Amino acid sequence: MEDGRRVLSNVIHSQVELHKEFGGVVPELAARDHLERLPHLLDLALERAGAQPDDIDLIAVTRGPGLAGCLLVGVGVGEGLAAAWSKPLTGVNHLWGHIYAAMLARPDLEPPLLGLVVSGAHSDLVRMPKHARFEVIGRTRDDAAGEAFDKAARMLGLGYPGGPALDRLARSGDPRRQPLPRPSLPGLEYSFSGLKTALLYRLRDLGDTATEQDKADLAAAFERSVVESLLEKLDVALTEHPYEEVVVSGGVAANTLLRQRAAEVVADRARLTMPPLELCTDNAAMIAAAGFFTSPPRGEVGSRSRLPGGEIRPVEANPSLGWSS
Ligand code: KG4
Ligand code: ZN
């Protein structure tokens, strides 16, 4: 990453094949695969960027939230590189990364902004008054939107990863033929577990008679309920907090209907930025961008990340990190 805005290389190794046969992420396998893949990915990233370790000013690594084993591998590798190359290291909040992904999509985008981060574990509405400051104004009471998509996809027999598969199936369905309830809680709270149960019961009622078209219709209805619920609260949040910039990001922001409907809901009330698909789902570029904008200014970084003896200050992995730091 150059100057926090220009991606020189963004290398992604997908673990989809690894976890597919288990129908979901197996944490131990995920962590081990991180360890095995990271050295090669780092070589590839440097090669594609046309960069040498000497060109690097700062190393950014995700410190949380996430799976403990994976975070520990990442932080361990980050500390190893920082020590070997004598470079400063900064720990980055994964959720902040999803917002900073939007800064890569729009070089002129600056806070203040209103954000909706929808991923496998989060459905959060946040206010970002300035760099490195976030205030949560809405969240889910139970399942996150991505989790709901993944579970619904499994019920529909779509396997893992569920979100993208459900998105594809929904394109050939009609949401009006098998309508599902739209969750609605007061204020800026989300809830998707009731919707999930409604789908389960509907599928149980249909039993063996469920046709491929029924499944496509149910996928479309489920998608519509989740998307309209997400946007209903975004709409309220934007009315209560009329920011000029709105960011919708995280893995679920890759969803076709969400992208289309978000543009319609925000309309001309604010400028909407949704990162391109490869920057919506988890990636290293967004972590580098967040590290660039939220670590202490250059020069200071070195002194702050090193203990007086020249030793690298450890980055603490925190699987349950919130938005506050
Ligand atoms: O941000 P992300 O890549 O990882 C986490 O931080 O969790 O988000 C992953 C989530 C998964 O639940 C996945 O099913 C969902 O994003 N997702 C989608 C789509 N692409 C990814 N959900 C709906 N439609 C999609 N096209
Ligand atoms: Zn994520």
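The values are calculated or read from the model by the stated rules, or taken from the named source; none is laboratory data. Everything numeric in this text was worked out from a predicted model, so none of it was measured. Neighbour counts are summed over all protein chains in view; Cβ atoms, including those assigned to glycine, are modelled from backbone coordinates with ideal geometry. Protein only, heavy atoms only, side chains kept; ligands, DNA and RNA dropped before computing areas. Shrake-Rupley method; radii C 1.70, N 1.55, O 1.52, S 1.80 Å.
Structural remarks
- Residue identified as surrounded by fewer than 15 Cβ atoms within 10 Å (Cβ to Cβ), over 19 Å from PRO183 (Cα atoms) and either within 17 Å of the chain's Cα centre (by Cα) or of a type outside the set (Ser, Thr, Tyr) (or both) among GLY250, GLY207: GLY207
- Of all the listed residues (ALA253, ALA284, ALA317), the sole one being at pLDDT 95 or above, touching a helix residue (DSSP H, G or I) at 6+ places or on another chain (Cβ under 6 Å), among the small types (Gly, Ala, Ser) and within 15 Å of ligand 1 (Cβ to nearest atom) is ALA253.
- Of the residues examined, GLU228 is one that is open to solvent by 10 Å² or more (accessible area, probe 1.4 Å), away from ligand 2 (no atom under 15 Å from the Cβ) and among the charged types (D, E, K, R).
- Any pair with Cβ under 6 angstrom, 6 or more apart, that starts in the stretch 99-121 at a residue that is under 22 Å from ASP143 (Cβ atoms) and ends at one that is among the acidic types (Asp, Glu) and surrounded by 24 or more Cβ atoms within 10 Å (Cβ to Cβ): VAL117/ASP124
- Residue within the stretch 146-161 that is of a type in the set (Asp, Glu) and surrounded by fewer than 21 Cβ atoms within 10 Å (Cβ to Cβ) present: no
- Which listed residue is away from ligand 2 (no atom under 16 Å from the Cβ) and either under 17 Å from ASP143 (Cα atoms) or open to solvent by 60 Å² or more (accessible area, probe 1.4 Å) (or both), from PRO175, PRO164, PRO242: PRO242
- The stretch 117-145, residues that are away from ligand 2 (no atom under 16 Å from the Cβ), touching a helix residue (DSSP H, G or I) at 6+ places or on another chain (Cβ under 9 Å), farther than 19 Å from SER225 by Cα and open to solvent by 10 Å² or more (accessible area, probe 1.4 Å): ARG127, HIS131, ALA132, ILE137
- Close contacts from the stretch 266-285, counting a first residue that is basic (Lys, Arg) and a second that is at pLDDT 95 or above, with Cβ to Cβ under 8 Å and a gap of 6+ residues or different chains, come to ARG269/LEU238; ARG269/PRO242; ARG271/GLU244; ARG271/GLU245; ARG271/VAL246.
- Looking across the stretch 50-97, the residues that are assigned to a helix (DSSP H, G or I), open to solvent by less than 30 Å² (accessible area, probe 1.4 Å) and away from ligand 1 (no atom under 15 Å from the Cβ) come down to VAL73, VAL75, GLY78, ALA82.
- Across the stretch 178-194, the number of residues qualifying as assigned to a loop (DSSP other than H, G, I, E, B) and open to solvent by less than 60 Å² (accessible area, probe 1.4 Å) comes to 8.
- When GLU47 is tested against (1) touching a helix residue (DSSP H, G or I) at 6+ places or on another chain (Cβ under 8 Å); (2) of a type in the set (D, E, K, R); (3) at pLDDT 95 or above, only condition (1) is not met.
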